[in-house]
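First comes the structure, then the notes that go with it.
The values are calculated or read from the model by the stated rules, or taken from the named source; none is laboratory data. Because the structure is predicted, anything quoted here is derived from the model rather than measured. Neighbour counts run over all protein chains shown; Cβ positions are idealised from the backbone, glycine included.
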Amino acid sequence: MFRFSLGTIALASIYSLPLIANAADIKVEDTIVTASRTEQKSSEVIGDVSVISAEQIQKAGQTTLAELLAMQPGIEMSSNGGVGKSTDIFIRGANSTHTLVLVDGIRISSATTGATAIQHIPLSQIERVEILRGPASSLYGADAIGGVIQIFTKQGQGQPKFNASVGLGTYGTAIGEAGVSGRIGNTSYSLQGGMTHVHGISSVQNKRNTAYNPDADGYRNQNIAARITQHLTENHEIGLNILVTEGRNFYDSGSTVAAGRYDYYMDQTLSSYTVHSKNRFTDFWTSTFSIARSIDDLSSYTKRPTSTSESMIKTTQDQFLWQNVLTSKAGTFNLGVERREQEVESNSTTPLRVTERDIQSYLAGWQQRFDQHSVQINLRNDDNSQFGNRTTGNIGYAYQINPQWKATASFGTAFAAPTFNQLYAPSSTLRGITYASNPDLKPEESRNKEIGLLYDNGRDLISATYYHNEVDDLISRTAIGSIQRTVNIDKAVLRGLTLNGRTNLAGFSIKANADFQRPENAANGNLLPRRAKEHGMLAISRSWQNWELGSEIISTSQRYNDAENTVRMSGYTLVNLYSQYRINDDWSLNARINNLFDRKYELAYDYATFGTNLFVSVRYAPSL
């Protein structure tokens with residue numbers, strides 16, 4: 001149960017309101033892609049999906065992408081000390097390596113950590129985000145045990161227009177962005193750039209920690225994205241997408257007090273380059289072919305009084321996709337071939353035993369609606385050069401009970417291959433604890449069952465989704481004396497209930513979500529690290545004339561930092577306020593206060609978080 005009063009009030013408040021649907025932020029006219037890899041009307045989606053809109057992103061202010069995601073149903077986060085620091089995302093209690101992150105359909109992740117450095121992806125480059133909760137290996141292959149987060153960068157349409165925004169805030173925060181987009185003749189384009197600077201705080205807050213250093217650990221980021229599409233005819237197009245984001249992150253480290261006084265920082269660049277051709281050959285056949293390269297390039301530096309050392313590790317992924325969507329009276333068929341080639345480079349004196357692997361994949365899907373019944377079936381085979389063949393599948397069913405009520409049910413399987421670090425990383429010692437990899441690890445495999453109920457009367461939305469996901473051979477760390485060794489545990493069970501939705505009441509717009517979950521080791525009942533049994537969000541806003549004012553309450557119950565559940569992190573409740581004043585059709589003034597009551601809390605044990613912080617920005621964005 002909760003051990004903090006505001007958290008109890010926040011989650012209890014959800015039940016005093018008309019509850020809100022899993023489509024809480026999805027408008028009727030929205031088109032969803034991630035749930036099936038084909039375009040669907042939001043009303044036809046069977047999966048558990050949410051959308052973060054451009055409007056929500058604009059109101060976010062200095063809030064990071066990870067923080068914005070953590071306000072969505074089914075998602076938690078952890079961060080090692082503030083903006084730009086190492087960040088993990090957990091969907092439905094699954095490991096961070098079980099969250100697949102796509103940027104315009106392309107993986108931008110590290111083959112060594114198995115995760116995407118989401119802390120370096122700026123909101124200024126994002127048009128919208130789709131979140132698919134639940135296993136999706138049958139659509140996207142390995143890693144999607146918990147779900148998929150797909151980020152869509154800004155694209156050009158309509159009359160050419162310029163946009164710009166600049167903002168200043170506490171902790172030495174400064175953010176600027178500018179761009180131009182539109183369509184001229186048969187060419188649509190978008191070019192967007194931005195910069196972020198945060199003076200920050202000391203990332204480690206515990207003075208007894210050997211890594212503690214009282215200096216501020218800042219963060220800098222510069223980014224650019226470009227997209228150009230040539231519409232050859234109404235049914236044929238070719239295009240190029242580029243995204244490059246570079247972050248420099250200062251952090252605290254050191255296994256001794258003396259080493260803790262050194263300066264540590266990382267330079268990390270995420271980049272992706274994609275060329276695509278989309279062709280509608282007939283009224284029933286659309287083909288898409290794409291070639292992409294993504295790079296995660298990380299260099300870490302330790303600055304000592306007499307020298308500076310550097311370590312480098314780089315992941316390059318080449319990705320090829322040929323996808324065909326066929327529509328007929330018998331349903332919509334989705335057939336595709338996909339290939340991914342991974343390569344890791346490092347300057348370590350102890351190189352990884354294996355530095356390359358290839359994944360050859362084939363996928364097939366079918367969707368059909370029969371009066372009140374809808375069905376979606378997906379199958380995929382992935383042939384991994386290290387771990388062999390894995391076939392995964394998913395079947396989803398929806399029944400439209402009446403115009404307002406819809407029931408859904410699905411069953412799906414998924415898997416995740418061990419990362420290069422989990423398999424082969426050299427042993428390292430930090431604060432007296434030795435961390436060891438394990439070349440004998442097996443892939444993780446999961447089986448998920450879920451049911452859902454949705455009510456939508458056109459004004460109020462209500463939904464509930466119950467899921468039960470069993471993960472065999474879950475990869476975790478186990479303490480053996482002073483050694484933390486990476487191992488497969490027999491089974492983890494991820495089960496829970498997600499409530500979500502929105503309504504309008506007395507002129508107020510109200511959104512809320514709540515998760516009640518048990519992500520645990522089946523052998524001993526321990527909670528998986530940094531995951532809570534309960535977490536939720538309540539947001540209330542009101543608009544009048546040119547003003548909008550809003551508040552968000554975010555609550556999380558206690559978590560444990562370790563698999564043994566011996567290092568406890570307290571629950572917390574945060575209150576945020578934001579406002580927007582529209583000066584005219586082109587200009588707006590935005591202000592946001594996060595952590596209004598200066599709550600002291602941790603997202604990772606011993607690591608600091610921001611206290612009360614203010615951010616004010618002015619934006620120029622013509623509505624033409």
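Taking only the range 518-531 into account, find how many residues are surrounded by fewer than 22 Cβ atoms within 10 Å (Cβ to Cβ), out of contact with any Asp or Glu (no Cβ under 6 Å at 6 or more places or on another chain) and either hydrophobic (A, V, I, L, M, F, W, C) or under 24 Å from S588 (Cα atoms) (or both).
Qualifying residue count for the region: 1.
A178 fails exactly one of the following numbered conditions: (1) among the aliphatic types (A, V, I, L, M); (2) without any contact (Cβ under 8 Å) to a residue 60 or more places away in the chain; (3) closer than 28 Å to A608 by Cβ. What is the number of that condition?
The single condition A178 does not satisfy is (3).
State which residue is nearest to A117 (Cα to Cα) when the search covers only the range 284-305 and only residues that are of a type in the set (D, E, K, R) and either in contact (Cβ under 8 Å) with a residue 40 or more places away in the chain or buried (at least 17 other Cβ atoms within 10 Å of the Cβ) (or both). Steps first, please.
Restricting attention to the range 284-305, the residues satisfying the condition of being of a type in the set (D, E, K, R) are 293, 296-297, 303-304.
Checking the rest, the ones that are also either in contact (Cβ under 8 Å) with a residue 40 or more places away in the chain or buried (at least 17 other Cβ atoms within 10 Å of the Cβ) (or both) come to 296-297, 303-304.
On the way: D296: 8, D297: 11, K303: 23, R304: 26 Å.
Going through the qualifying residues, I end up with D296.
Looking at the structure I just gave you, is N504 in contact (Cβ under 8 Å) with a residue 40 or more places away in the chain, closer than 28 Å to A416 by Cα and either touching a Pro at 6+ places or on another chain (Cβ under 6 Å) or of a type outside the set (A, V, I, L, M) (or both)? Can you show your working first?
Numbers: in contact (Cβ under 8 Å) with a residue 40 or more places away in the chain: yes; closer than 28 Å to A416 by Cα: no; either touching a Pro at 6+ places or on another chain (Cβ under 6 Å) or of a type outside the set (A, V, I, L, M) (or both): yes.
Here the answer is no, as N504 does not meet what is asked.
Before we move on, is A364 surrounded by fewer than 19 Cβ atoms within 10 Å (Cβ to Cβ) and either farther than 30 Å from A111 by Cα or in contact (Cβ under 8 Å) with a residue 40 or more places away in the chain (or both)?
Numbers: surrounded by fewer than 19 Cβ atoms within 10 Å (Cβ to Cβ): yes; either farther than 30 Å from A111 by Cα or in contact (Cβ under 8 Å) with a residue 40 or more places away in the chain (or both): no.
No: the conditions fail for A364.
Determine which member of the set G134, G84, G114 is closer than 27 Å to E520 by Cβ and crowded, with 24+ Cβ neighbours inside 10 Å.
G134
If you take the residues of the range 312-352 that are small (G, A, S) and either assigned to a strand (DSSP E or B) or over 21 Å from S36 (Cβ atoms) (or both), which of them is modelled with the lowest pLDDT?
Only one residue tops the list, namely S348.
I want to confirm something. Restricting to the range 498-517 and keeping residues that are of a type in the set (A, V, I, L, M) and under 20 Å from the mean Cα position of the chain (by Cα), which single residue is surrounded by the most Cβ atoms within 10 Å (Cβ to Cβ)?
Step one: list which residues in the range 498-517 are of a type in the set (A, V, I, L, M), which gives 499, 505-506, 510, 512, 514.
Remaining after also requiring under 20 Å from the mean Cα position of the chain (by Cα): 499, 512, 514.
Details: L499: 22, A512: 27, A514: 24.
It comes out as A512.
Of everything in the range 550-576 that's under 22 Å from E67 (Cα atoms), surrounded by 15 or more Cβ atoms within 10 Å (Cβ to Cβ) and polar (S, T, N, Q), which residue is modelled with the lowest pLDDT?
So, considering only residues that are under 22 Å from E67 (Cα atoms), surrounded by 15 or more Cβ atoms within 10 Å (Cβ to Cβ) and polar (S, T, N, Q), the one modelled with the lowest pLDDT is N561.
So is F415 in a strand (DSSP E or B), among the hydrophobic types (A, V, I, L, M, F, W, C) and either closer than 30 Å to A211 by Cβ or touching an Asp or Glu at 6+ places or on another chain (Cβ under 6 Å) (or both) or not?
yes
Among the candidates S579, S588, which residue alone is surrounded by fewer than 19 Cβ atoms within 10 Å (Cβ to Cβ), polar (S, T, N, Q), in a strand (DSSP E or B) and at pLDDT 95 or above?
Of S579, S588, the one residue that is surrounded by fewer than 19 Cβ atoms within 10 Å (Cβ to Cβ), polar (S, T, N, Q), in a strand (DSSP E or B) and at pLDDT 95 or above is S579.
Return the pairs, sorted by first residue and then second, in which the second residue is surrounded by fewer than 18 Cβ atoms within 10 Å (Cβ to Cβ) and outside any strand (DSSP E or B), the first residue lies in the range 437-449 and is touching a residue at least 40 places away in the same chain (Cβ under 8 Å) and among the charged types (D, E, K, R), the beta carbons are less than 9 Å apart, and the residues are 6+ apart or on different chains.
Here the result reads K442/F387, each pair linking the range 437-449 to a residue that is surrounded by fewer than 18 Cβ atoms within 10 Å (Cβ to Cβ) and outside any strand (DSSP E or B).
Looking only at the range 396-429, how many residues end up being free of Cβ contacts under 8 Å to residues at least 40 places away in the same chain and surrounded by fewer than 16 Cβ atoms within 10 Å (Cβ to Cβ)?
Step one: filter the range 396-429 for residues free of Cβ contacts under 8 Å to residues at least 40 places away in the same chain, giving 399-403, 411, 427-428.
Next cut, surrounded by fewer than 16 Cβ atoms within 10 Å (Cβ to Cβ) only: 399, 401-403, 411, 427-428.
Final tally of qualifying residues: 7.
Report, by residue number, each residue of the range 265-292 that is part of a loop (DSSP other than H, G, I, E, B) and of a type outside the set (V, I, T).
Answer for the range 265-292, where residues must be part of a loop (DSSP other than H, G, I, E, B) and of a type outside the set (V, I, T): F281, D283, F284.
Does A479 fit the bill of being exposed (fewer than 14 other Cβ atoms within 10 Å of the Cβ) and more than 25 Å from V101 (Cβ to Cβ)?
When the stated conditions are applied, A479 passes them.
One line per residue, one yes/no per condition, for (1) of a type in the set (A, V, I, L, M); (2) surrounded by 18 or more Cβ atoms within 10 Å (Cβ to Cβ); (3) modelled with pLDDT under 95:
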residue: G254; (1), (2), (3): no, yes, yes
residue: G260; (1), (2), (3): no, yes, yes
residue: M266; (1), (2), (3): yes, yes, no
residue: S272; (1), (2), (3): no, yes, no
residue: V275; (1), (2), (3): yes, no, no
residue: T282; (1), (2), (3): no, no, no
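Residues of the range 562-586 being touching a Lys or Arg at 6+ places or on another chain (Cβ under 9 Å) and under 24 Å from N613 (Cβ atoms), which ones?
If the condition is that a residue be touching a Lys or Arg at 6+ places or on another chain (Cβ under 9 Å) and under 24 Å from N613 (Cβ atoms), then M569, S570, G571, Y572, T573, L574, V575, N576, L577, Y578, S579, Q580 are the ones that fit.
Being among the acidic types (D, E) and either part of a strand (DSSP E or B) or within 22 Å of the chain's Cα centre (by Cα) (or both) is the filter here, so list the residues in the range 439-495 that pass it.
Within the range 439-495, E444, E445, E450, D456, E470, D472, D473, D490 qualify.
Please state which one of S188, S181, S202 is more than 26 Å from the chain's Cα centre (by Cα) and polar (S, T, N, Q).
S188
Filter the range 503-553 down to the residues that are part of a strand (DSSP E or B), more than 28 Å from I583 (Cα to Cα) and among the small types (G, A, S) and list them by number.
Across the range 503-553, the qualifying residues are A512, A514, G536.
Taking the range 80-99 on its own, how many of its residues are modelled with pLDDT under 95 and in a strand (DSSP E or B)?
Adding up the residues that qualify gives 0.
Please find, within the range 591-624, the residue that is surrounded by the most Cβ atoms within 10 Å (Cβ to Cβ) out of those that are modelled with pLDDT under 95 and closer than 17 Å to N546 by Cα.
A621
Any residue in the range 573-590 that is over 15 Å from S541 (Cα atoms) sitting within a Cβ distance under 6 Å of a residue that is part of a strand (DSSP E or B) and of a type in the set (A, V, I, L, M)? List the pairs, counting only those 6 or more apart or interchain.
L574/I554; L589/V618
Quickly run through the range 485-497 and pick out the residues that are touching a Lys or Arg at 6+ places or on another chain (Cβ under 8 Å), buried (at least 19 other Cβ atoms within 10 Å of the Cβ) and over 14 Å from D440 (Cα atoms).
Those that are touching a Lys or Arg at 6+ places or on another chain (Cβ under 8 Å), buried (at least 19 other Cβ atoms within 10 Å of the Cβ) and over 14 Å from D440 (Cα atoms): L494, R495, G496.
If I go through the range 365-411 residue by residue, how many of them are in a loop (DSSP other than H, G, I, E, B) and either of a type outside the set (F, W, Y) or under 17 Å from I46 (Cβ atoms) (or both)? Break it down stepwise before answering.
First pass over the range 365-411, keeping only residues in a loop (DSSP other than H, G, I, E, B): 371-372, 385-387, 401-404.
From what's left, either of a type outside the set (F, W, Y) or under 17 Å from I46 (Cβ atoms) (or both): 371-372, 385-386, 401-404.
Going through the range 365-411 one residue at a time, the tally reaches 8.
Look at the range 211-227 and say how many of its residues are over 17 Å from R248 (Cβ atoms), assigned to a strand (DSSP E or B) and in contact with a Lys or Arg (Cβ under 9 Å, 6 or more places away or on another chain).
Number of matching residues: 2.
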